[in-house]
1. Any chance you could count how many residues in the stretch 493-527 are over 22 Å from L570 (Cα atoms) and among the aromatic types (F, W, Y)?
2. Regarding the stretch 563-580, can at least one residue be identified that is modelled with pLDDT under 95 and assigned to a loop (DSSP other than H, G, I, E, B)?
3. Across the stretch 491-503, what is the total count of residues that are in contact with a Ser or Thr (Cβ under 9 Å, 6 or more places away or on another chain), in a helix (DSSP H, G or I) and under 21 Å from Y309 (Cα atoms)?
4. Given the structure, is V390 in contact with a Leu (Cβ under 8 Å, 6 or more places away or on another chain), more than 18 Å from T418 (Cβ to Cβ), in a loop (DSSP other than H, G, I, E, B) and β-branched (V, I, T)?
5. Give me the pairs, please: first residue somewhere in the stretch 56-83 and closer than 24 Å to Y137 by Cα, second residue anywhere and among the basic types (K, R) and surrounded by 23 or more Cβ atoms within 10 Å (Cβ to Cβ), beta-carbon distance under 7 Å, and either six or more positions apart or on two chains.
6. Would you please list the contacts, defined by Cβ atoms under 8 Å and residues six or more apart or on different chains, that run from a residue in the stretch 383-406 that is under 20 Å from D66 (Cβ atoms) to a residue that is assigned to a loop (DSSP other than H, G, I, E, B) and small (G, A, S)?
Amino acid sequence: MKKLIYIILPCAMLFFTACEEDFINLTPPADITEAVYYTEAEHFKTGSNNFYTDLLPWTALGDFLDHASDLNGYKEDSPLQTYSRGDTFAPVTDDYYNDAYTALRDINLLIERAANYSGDQSEIAEYVAVAKFFRAYHHFALVQRFGGVNIVTRSLDVGSEEASSPRNSRYQVVAQVLADLNDAILGLPREQDIPSTDKGKISKWAAMALKAEILLHEATWMKYVGISTDGDGIASGAGSEGFDAANIDIYLKEAAEASKTIMDQGGFELWNHNDVLDNMSSYYLFMLEDNESNPAGLDKSSNNEYIFYGKYDFLLRQGRALLSHTSVGRLMPTRKMVDMFLADDGLPIDKSPRFQGYTNVSDEYQNRDYRMRAYFTNNETHEIPEDGSVLLTGQDNYGYYNSKFISWKWPVYRASYTESPDLPYIRLADIYLTYAEALYELNGSLTDEQMDESINLVKARAGLPAISNTFLAANGMDLLTEIRRERTIELYAESSRYNDLRRWGLAEQELNQDIFGAVIEGTAFDGNPDLYTPGSYIYGEKTTTTAVGERRCILLEPESVRNFSRDNYLYPLPTALFNTNDNLLQNPGY
């Protein structure tokens, strides 16, 4: 999951539109017991609807926006900031762990009751499939955070064997996850068959997309990380039982096949309205609501890119998060992120004659990937900043704006806490990039045709020319680097970065670097007290490599305070668990 990928947090809400009445008309909760519930098909429908409340909500902004990654320069005291520096310690309790197992108990209860349902099994098949999807979702969210965990496939009570068992390895958990997703795919409807009143419900394609992303995640984890984070299962960790290097290619092949099936049969398409949105589709997509949410008058019915997503609505389910406010103040790109965008000739900026340099603040935006303007311009004007308009006067102001996840005309159109765009977990752009990466990792190459049906479609929306094997060779470019670049840019701040760095085995390398802001040397800021106050930056300046050579830049945080290690690839188990289960072992390094 996304991307999960997706971390779960408690979120009290009603499911969207048609499901609302199911909650309103239920027997009062005090009168419902496990013994009498799940006796009618409607009970299974309502029970499965309730599982959606455990999906990542907009209120979990810190996790979703990849705060404190190497791509975001805003620095604050937060759990993710601590994590990115390698300073994580074992907590007493962990909501991510506890909430997942609470959800799993409810899910397993539905599945158990379904086996004993006296009615026609076809009446409840879809709801059981939804339960299998969410059982996979929660187990894999646990794997991404903790590695191997206890597999739970039945509703537990005090004294249940699983509550005192050793952890299963990540490979055993993933096998269970994939089995559940295979069952879910068989029982879920196609997106095309879900009525408009039920949009946001899990489709066959959503389950297949989640499966594809998990397959890619685990294949690359096995390839680049291997068993290095598992522990031996005797003194620490969950061990490596079930690890089989042969699964790397098997998983990659299945990831590519699942992605291709969605591409060919899912009926999805990239949301590209650049012709009427001034090449800003990659901004308006994420804040799409009614026809007042963008200058072209488009609403959510125009969006057929989201495959697995959280459904929100201004009247029925608002985001109830400081989405725009937080995105303005705490989501600002680093030097690394800004320099990653290609020039509009498809070349990296250190290779392209189209790159205009850094002298004035407007220069580096010229002739670039459309997403750079869509993500990083002033949220009020959405225009490239005018020269002289950016003032470097404090630690939280280091050269760049952010507009991704900020409502158009905020706060006039949408006041804080009322923004209600749908929240994408997996969208078609993800699937194109999953397809391309899986094929490359499997074969070491892509054909030009494979590039055209995947990564080049994402590039086209960004105003970039298609790549081909000839183009890459002629310009000394590496295909894997370009696939990873495209994923980093397209999924910026969508809860992907930490997972990608870890599964590529690059987290130590990337998270432990100096973090830079604006270029100072040779620019309009250099020596100009009206634009730049050097003393307002704690760490001052440092010379680093830019697209025009070695230059002094604002140093936001030095590598000396960043100590991320291989042990930090997994979070520690909460220590309270060891008081109730003597068979649990802590992850290595904690």
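The values are calculated or read from the model by the stated rules, or taken from the named source; none is laboratory data. Computed from a predicted model, the values in this text were never measured in an experiment. A quick note on method: Cβ atoms are made from the backbone with ideal geometry, for glycine too, and the neighbour counts reach across all protein chains shown.
1. 2
2. yes
3. Matching residues across the stretch 491-503 total 3.
4. yes
5. D66/R497; S69/R497
6. Y398/G73; Y400/G73; K404/A493; F405/A493
Yes/no per residue for (1) among the β-branched types (V, I, T); (2) surrounded by fewer than 21 Cβ atoms within 10 Å (Cβ to Cβ); (3) more than 25 Å from F134 (Cα to Cα):
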{"position": "T229", "(1), (2), (3)": "yes, no, yes"}
{"position": "S236", "(1), (2), (3)": "no, yes, yes"}
{"position": "N247", "(1), (2), (3)": "no, yes, no"}
{"position": "Y251", "(1), (2), (3)": "no, no, no"}
{"position": "G267", "(1), (2), (3)": "no, yes, no"}
{"position": "N274", "(1), (2), (3)": "no, yes, yes"}
{"position": "S281", "(1), (2), (3)": "no, no, yes"}
{"position": "M287", "(1), (2), (3)": "no, no, yes"}
{"position": "P295", "(1), (2), (3)": "no, yes, yes"}
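Here's the yes/no breakdown for (1) among the hydroxyl-bearing types (S, T, Y); (2) within 21 Å of the chain's Cα centre (by Cα):
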position: D77; (1), (2): no, no
position: S84; (1), (2): yes, yes
position: D87; (1), (2): no, no
position: Y96; (1), (2): yes, yes
position: T102; (1), (2): yes, no
position: N108; (1), (2): no, no
position: I111; (1), (2): no, no
position: N116; (1), (2): no, no
